[in-house]
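Mind looking over this structure? Questions follow.
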Amino acid sequence: MSRFPEISPNDYTDEQNELAQKVASSRGSMRGPFSPALHSPGILRAIESTGAHVRFHNVLPDDLKELATLVMGRFWGAQYEWYAHSSLALKAEIDPAIVEAIRKGEAPKNLTPEQAAVYVFCIELNGTHQVSDKAFTEVRLRWGTRGVMDLIGICGHYTMISMILNVAQVPTPDGTVPLAPLKQHK
């Protein structure tokens, strides 16, 4: 159960009702991060809008969007995020061995050059809060400056989503805990 009580549709404000209908029509239901975010309609409006862009209007191919999303979800240990996006990554034809390595917190082997560019960019951004010139150039040469910005957008969006999920303690729909805590580096 989430730390944020579910708001009954009967108790929605007009703004909450509008947002809940928008999320339900685009995502199927008010699940995952959307239910807790409904407590702050401005936050929900922002993540719904950003999420629509990074998932559906991004210049990166679906497999690379999902790869970046997995890296972010794993970095934050967001159980629900992993649950939701690991299956989407497999549907986007990411090698199951790559998905499993990321789940374990290991560097995946046998990445394509495109996957490696996205993976390294995300790992550097998470690890150092910067990206090297090489990592930046690898992404820019493949997808242009828009691709770099869209990848930053994925990283930022799924950081916020993961934070919401973790603070709210949103469980996976089946109750599984697919991610073990990552070791803290000191």
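The values are calculated or read from the model by the stated rules, or taken from the named source; none is laboratory data. Every value quoted in this text rests on a predicted model; they were computed, and no experiment measured them. All Cβ positions, even for glycine, are placed from backbone atoms using ideal geometry, and neighbour counts span all protein chains on display.
Consider V71 carefully, then state whether it is β-branched (V, I, T), surrounded by fewer than 21 Cβ atoms within 10 Å (Cβ to Cβ), closer than 24 Å to W143 by Cβ and at pLDDT 95 or above.
The answer is no for V71.
When segment 1-56 is examined, which residues are found to be touching a residue at least 40 places away in the same chain (Cβ under 8 Å) and loosely packed, with under 15 Cβ neighbours inside 10 Å?
Across segment 1-56, the qualifying residues are M1, R3, R31, H53.
Output the residue which, of all residues in segment 89-135 that are of a type in the set (A, V, I, L, M, F, W, C), in contact with a helix residue (DSSP H, G or I) (Cβ under 8 Å, 6 or more places away or on another chain) and free of Cβ contacts under 8 Å to residues at least 24 places away in the same chain, is surrounded by the fewest Cβ atoms within 10 Å (Cβ to Cβ).
Among residues in segment 89-135 that are of a type in the set (A, V, I, L, M, F, W, C), in contact with a helix residue (DSSP H, G or I) (Cβ under 8 Å, 6 or more places away or on another chain) and free of Cβ contacts under 8 Å to residues at least 24 places away in the same chain, the one surrounded by the fewest Cβ atoms within 10 Å (Cβ to Cβ) is A107.
Separate question: For V59, state whether it is of a type in the set (V, I, T), touching a Phe, Trp or Tyr at 6+ places or on another chain (Cβ under 9 Å) and farther than 20 Å from N166 by Cα.
For V59, the condition - of a type in the set (V, I, T), touching a Phe, Trp or Tyr at 6+ places or on another chain (Cβ under 9 Å) and farther than 20 Å from N166 by Cα - is met.
Give segment 91-121 a look and list any residue that's among the polar types (S, T, N, Q), assigned to a loop (DSSP other than H, G, I, E, B) and at negative phi, or say none.
The first filter runs over segment 91-121 and keeps only residues among the polar types (S, T, N, Q), leaving 110, 112, 115.
From the residues that got through so far, the ones that are assigned to a loop (DSSP other than H, G, I, E, B) too are 110, 112.
Result: T112, single match.
Residue-wise test of (1) more than 27 Å from I43 (Cα to Cα); (2) in contact with a strand residue (DSSP E or B) (Cβ under 6 Å, 6 or more places away or on another chain); (3) basic (K, R).
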{"site": "V120", "(1), (2), (3)": "yes, no, no"}
{"site": "T128", "(1), (2), (3)": "no, no, no"}
{"site": "R142", "(1), (2), (3)": "yes, no, yes"}
{"site": "M163", "(1), (2), (3)": "no, no, no"}
{"site": "Q169", "(1), (2), (3)": "no, no, no"}
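Each row is one residue, and each column tells you yes or no for (1) polar (S, T, N, Q); (2) in contact with an Asp or Glu (Cβ under 8 Å, 6 or more places away or on another chain); (3) modelled with pLDDT of 95 or more.
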position	(1), (2), (3)
D133	no, no, yes
T137	yes, no, yes
T145	yes, no, yes
C155	no, no, yes
L165	no, yes, yes
V170	no, no, no
D174	no, no, no
P181	no, no, no
K186	no, no, no
